[in-house]
Amino acid sequence: MQETIKLDFKTRSKLIWKEMKEHKHHYILMAPYLILFLLFTVIPVVMSLGISFTQFNMLETPRFVGLDNYIKLLLDDEVFIIAIRNTLILAVVTGPVSYLLAFVFAWLINELKPKLRAFMTLIFYAPSISGNAFLIWLLIFSGDAQGYANGFLMQFGFINNPILWLRDPDYMLFVVILVQLWLSLGVSFLAFIAGLQGVDKTLYEAGSIDGIKNRWQELWFITIPSMKPQLLFGAVMQITTSLAIAEVSMQLVGFPSVQYEGHTIVTHLIDYGSIRFDLGYASAIATVLFIIMITANLVVQKFLRRMGE
């Protein structure tokens, strides 16, 4: 039995090596990406996982502490619990909403003429790459009477005194969600545009013959199944973005925010990794976030694969 296994292993190894030699040009072309992916993604993730079981401050040799970081993180760190709550609220609201908005806007824009479609694509995509986006929202939600939101509400009698939008815990998370939705039409939006452009037009003609009667049926039975790769890619990007919100919160409500109402898992990670230099604890935070992201992606991808079937 063992000899058979060894023979099978040797045979498979020879076949793999033979195939690699026959397609060596393909592997050479893939090599730069694979090397960079290994160096800057796989190895750092593995190192972070290992460091999460140590106490490490960059000045002293890492000291193995087992599960102490995780126990402290999940049982003793009240700020991390607040960060998880805020992150899940942001992810549950901004993730699905921004995903649907990206698809709906891409679907509508795809119906326009080429030049108008290109212009509208730029208009919708621009906020996600704008460097001064936060300045606009800081002006809108300024806490004095000159802020656009306060000025509008006071002018029409909705409020009597200015609201401290970016300092009042009752409003901070709402502002972060609103701005994140405005910034969310990014890579996923472009992927959906590309996917819609790639749908075979003859499928719609065949569908009309087979009994499809309206645009909604075309969307469900033809468009969505034809662009599943783009939908899966968009889902991964939206989930990753919604669970990794940090810059929006830090720029708008401060770091740390009042009563940690704008605190997220990533800002907690930045706190311990970049400010306190407690890299063991920061790595534990990163590992928990990584597990949450992987789990969410697997669940959503499983759901999307069933759509249109």
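One table, with the values for the structure above:
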| read-out | value |
| --- | --- |
| Of residues in the range 171-223 being surrounded by fewer than 18 Cβ atoms within 10 Å (Cβ to Cβ) and among the polar types (S, T, N, Q), the one nearest to residue 120 (Cα to Cα) | 197 |
| Count - residues of the range 134-177 that are without any contact (Cβ under 8 Å) to a residue 40 or more places away in the chain and among the aliphatic types (A, V, I, L, M) | 11 |
| Where residue 228 falls short, out of the listed (1) under 28 Å from residue 172 (Cα atoms); (2) more than 14 Å from the chain's Cα centre (by Cα); (3) among the charged types (D, E, K, R) | (1) |
| Matching entry among 92, 42, 46 (being in the same structural domain as residue 179 (by TED's automatic domain parsing), free of Cβ contacts under 8 Å to residues at least 12 places away in the same chain, surrounded by fewer than 16 Cβ atoms within 10 Å (Cβ to Cβ) and not in a loop (DSSP other than H, G, I, E, B)) | 92 |
| Criterion violated by residue 14 - all others in (1) at pLDDT 90 or above; (2) over 31 Å from the mean Cα position of the chain (by Cα); (3) not acidic (Asp, Glu) satisfied | (1) |
| Unmet criterion (only one of (1) surrounded by fewer than 11 Cβ atoms within 10 Å (Cβ to Cβ); (2) over 25 Å from residue 230 (Cα atoms); (3) at pLDDT 85 or above) for residue 7 | (3) |
| Among (1) outside any loop (DSSP other than H, G, I, E, B); (2) not assigned by TED's automatic domain parsing to the domain that holds residue 283; (3) not aliphatic (A, V, I, L, M), the one test that residue 61 misses | (1) |
| Leading residue by the ranking (nearest to the chain's Cα centre (by Cα)) among those in the range 105-158 that are loosely packed, with under 13 Cβ neighbours inside 10 Å, farther than 30 Å from residue 196 by Cα and not aromatic (Phe, Trp, Tyr) | 132 |
| All positions within the range 150-179 that are more than 16 Å from residue 139 (Cα to Cα) and among the polar types (S, T, N, Q) | 155, 160, 161 |
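Conditions (1) aliphatic (A, V, I, L, M); (2) without any contact (Cβ under 8 Å) to a residue 60 or more places away in the chain; (3) closer than 22 Å to residue 94 by Cβ; (4) out of contact with any Ser or Thr (no Cβ under 9 Å at 6 or more places or on another chain), marked per residue:
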site	(1), (2), (3), (4)
201	no, yes, no, yes
222	yes, yes, no, yes
244	yes, yes, yes, no
250	yes, yes, yes, no
255	no, yes, yes, no
275	yes, yes, no, yes
282	yes, yes, no, no
285	yes, no, yes, no
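The values are calculated or read from the model by the stated rules, or taken from the named source; none is laboratory data. Only a predicted model underlies this, so the values are computations on that prediction, with no experimental measurement involved. Positions of Cβ are backbone-derived with ideal geometry, glycine not excepted, and every protein chain shown enters the neighbour counts.
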